[in-house]
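Take a look at the structure below.
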Amino acid sequence: MTMLYRRLGQTGLQVSALSFGAWVTFGNQISDDTARELLETAYAGGVNFFDNAEGYAAGQAEIVMGRILKNSGWTRSSYVVSSKVFFGDTYKGPNGRGLSRKHVVEACHSALSRLQVDHLDLYFCHRPDPETPILETVRAMHDLINQGKVLYWGTSEWSAQEILEARRLADKHNFHAPVVEQSQYNLFHRHRVEQEYAPLYETGPGLGTTIWSPLASGLLTGKYNDGVPPESRLTVKGLEWLRDRVIDEQKPKLDVVPALAAIARELDTTLPRLAVAWCLKNLRVSTVILGASRPAQLKENLGALDLLPKLSPELLARLDSLALPAAT
Ligand code: NDP
């Protein structure tokens, strides 16, 4: 398995086609030793992008990742690290979240200190904030870039219209524009990346995508078809909302999973590998952010790269016909 690198949209930055994120796991579901093993496994496999956010375990995920990066001995140039602002960390007061200039700047400073780095390669607005003028946020991001604290900024789950508005304002004021979106993308969740953003990829500053939940939080492994196994994400305290969303509200999707698993067996591979490889077939995807609570899962998922040559147009059409009826 050889890692592929893709340019992040129209920027010059190269990200590994498979990257690794800290949501749910770091500082929460797994021990710090396991987190270190996971990061080392990813890096050894050619992963160069590690994703984080102020909101992951209320800042603890960044602390754990920062410690590992600091002790790793890896040259700073060899990895790309992100943070995201919006959901806040431990402080829950009025300016503790959102996209105001105050919170965007303070959250950046906190992320730099928790991750123990001098700059964030990527800094995302984790959600749109209807209570803050977009210009205020665009200006704050522009200033952070000019100060050298952030290299590229982007959005996460903003509508195409909101991204276009940020671009228009950046253009008007000669500010740095957002160049990357972090969106959910998997066999069951396709519309935004494939259709809504279609006009954005080749226009203006372009749009890279760092896509999340390629396995739909584990649904696309088949592990939830016979109930919720112990020690899985859906048993993590505080994630009851996710359990409801994945299990109770997704019955039609769960019903499709065995047929998808059968196709994986035909290809002599596993469903997680097939689901990850499917995401990579879309060249609008700059990088697929993997999540894992154990090194064996991560090793399995990194193997998706080997499957790419087997995903013929006919096979993709078969997957479409199975997964699309439930797709959103
Ligand atoms: P996935 O949908 O791939 O889910 C990952 C989880 O699935 C793992 O933690 C593990 O959970 C299970 N799993 C993974 N591989 C296997 C396997 N081979 N066999 C069995 N189970 C497996 O991705 P995530 O939802 O974790 O998202 C990835 C990253 O994307 C996050 O870490 C974060 O960085 C980013 N993200 C961004 C969001 C945003 O709003 N911008 C939102 C969500 C994620 P288990 O413990 O149950 O085994």
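Here, each number is a calculation from the coordinates, and none is a lab measurement. Note that the structure is predicted; figures quoted are calculated from it, not measured. Reconstructed Cβ throughout: ideal geometry from the backbone, glycine too, with neighbour counts over all protein chains shown.
Results, tabulated for the structure shown:
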read-out	value
Residue in the stretch 221-235 that is part of a helix (DSSP H, G or I), more than 9 Å from the ligand (Cβ to nearest atom) and closer than 25 Å to Ala22 by Cα present	no
Scan of the stretch 299-319 for residues that are within 16 Å of the ligand (Cβ to nearest atom) and among the aliphatic types (A, V, I, L, M), ordered by number	Leu302, Ala304, Leu305, Leu307
In the stretch 73-85, the residues that are under 25 Å from Thr155 (Cβ atoms), hydrophobic (A, V, I, L, M, F, W, C) and without any contact (Cβ under 8 Å) to a residue 60 or more places away in the chain	Val81, Val85
Which listed residue, of Val256, Val285, is in contact (Cβ under 8 Å) with a residue 60 or more places away in the chain, outside any helix (DSSP H, G or I), more than 8 Å from the ligand (Cβ to nearest atom) and not charged (D, E, K, R)	Val285
Members of the stretch 218-228 found to be touching a residue at least 40 places away in the same chain (Cβ under 8 Å) and crowded, with 23+ Cβ neighbours inside 10 Å, listed by number	Leu220
Subset of the stretch 165-187 that is touching a residue at least 40 places away in the same chain (Cβ under 8 Å) and not in a loop (DSSP other than H, G, I, E, B) - its residue that is nearest to the ligand (Cβ to nearest atom)	Gln182
1 or more residues away from the ligand (no atom under 16 Å from the Cβ): qualifying strands (runs of 3 or more DSSP E) within the stretch 7-124	14-16
